[in-house]
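Below is one structure; the comments refer to it alone.
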Amino acid sequence: MADPLGELIGELARLPGIGPKTATRLAHHVLRRPRAAALRLAQTLLAVKDELVHCQHCNAITPQQPCRLCADPQRDRHRICVVEEPFNIAPVERTGEYNGLYHVLLGALSPQRGIGPDQLAIDGLLARLDGIDEVILATNPNVEGEATALFLARLLKPRGVAVSRLAFGMPVGGDLEFTDEVTLGHSLSGRRPL
């Protein structure tokens with residue numbers, strides 16, 4: 001006979017950043033909540049899987065094609081900010097320092113994890129370069145992000161596009177997701193060519 005609580009703990013523990021203890025606490029929290037709250041959680045999880053897709057242009061997560069940023073005629077269509085993951089767009093947007101387009105790589109180079117250039121959305125970026133004056137590389141300031149930025153810079157420069165990197169106001173080993181708006185804003189405004 002299946003153990004639903006054990007299965008829930010197991011599934012929660014598969015989420016990034018959730019260990020067995022946190023998974024157990026979350027599972028017991030769900031168990032204590034009313035059935036309606038658990039149903040809302042289940043429906044929300046299904047809605048995320050059923051209603052959201054990656055934008056056909058930039059790979060952001062969106063309920064519509066294209067996403068609201070790609071569809072916005074007020075965006076600067078001559079610049080693309082390259083980020084690793086869809087959730088990296090929000091912190092850049094919160095700075096108010098950037099009004100261009102985005103491109104999400106859906107990861108970063110990591111030979112140790114078997115992630116090479118073919119596993120990233122690099123071809124989509126290259127296909128978008130017509131009319132682009134600058135590509136801002138906003139990959140995370142860690143080993144994988146730096147390797148990805150250098151790889152992309154070597155690929156983009158011969159194509160005649162200016163390539164810049166976020167300035168180093170962000171902590172090494174940190175993630176864009178957890179960087180405050182002021183630090184990220186200074187990093188954007190003080191970016192440097194590669």
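Please treat every number below as a calculation from the coordinates, not as lab data. Worth saying up front: this structure is predicted, and the values here are computed from it rather than measured. All Cβ positions, glycine included, derive from the backbone under ideal geometry; neighbour counts span all protein chains shown.
Here r is the Cβ-Cβ distance between ALA90 and ALA42 and R0 is 25 Å; the resulting FRET efficiency, rounded to 0.05, is 0.50.
Using the rule -39500 (n - 2.57) for each DSSP H run of four or more residues, divided by the residues of the chain, the 222 nm mean residue ellipticity is -12000 deg cm²/dmol. Spin-label model, LEU26 to VAL143: label points 7 Å out along the Cα-to-beta-carbon direction sit 2.7 nm apart.
Overall size of the stretch 4-51 from C-alpha positions, given as principal axis extents largest first: 29, 24, 16 Å. Projecting the Cα positions of LEU188, GLY17, HIS78 onto the charge dipole of the chain (unit charges on Cβ atoms of Lys, Arg, Asp and Glu, taken about the Cα centre) puts GLY17 furthest along the positive direction.
The loop-placed trypsin sites (Lys or Arg not before Pro) in the stretch 1-55, going by DSSP, that have at most 11 neighbouring Cβ atoms within 10 Å of their Cβ come out as ARG14. In units of the rule-of-thumb radius 2.2 N^0.38 Å, the stretch 48-145 shows an alpha carbon radius of gyration of 1.07.
Per residue, the convex hull spanned by the Cα atoms of the chain amounts to 160 cubic angstrom. Counting Cα-Cα pairs of the stretch 97-194 in 10 Å increments starting at 0 gives whole-percent bin shares of 15, 49, 32, 3. Kirkwood analysis of the stretch 27-66, using all unique Cα-Cα pairs, places the hydrodynamic radius at 11.7 Å. Its Cα gyration tensor gives the stretch 34-93 an equivalent ellipsoid, and the semi-axes of that ellipsoid, as √(5λ) in whole Å with the largest first, are 30, 12, 10.
Across the chain, C-alpha contacts under 8 Å between residues 6 or more apart give a mean separation that, scaled by the residue count, equals a relative contact order of 16 percent.
Packing around the peptides 149-161, 78-90, 112-124, taken as the average count of other Cβ atoms within 10 Å per residue, puts them in this order, highest first: 78-90, 149-161, 112-124. With R₀ fixed at 25 Å, the C-beta to C-beta distance from PHE178 to ALA13 puts the FRET efficiency at about 0.70. Annotation: the antiparallel percentage among DSSP beta bridges lying fully within the chain is about 30.
Each part reduced to its alpha carbon centroid, the stretch 138-161 and the stretch 80-129 end up 10 Å apart.
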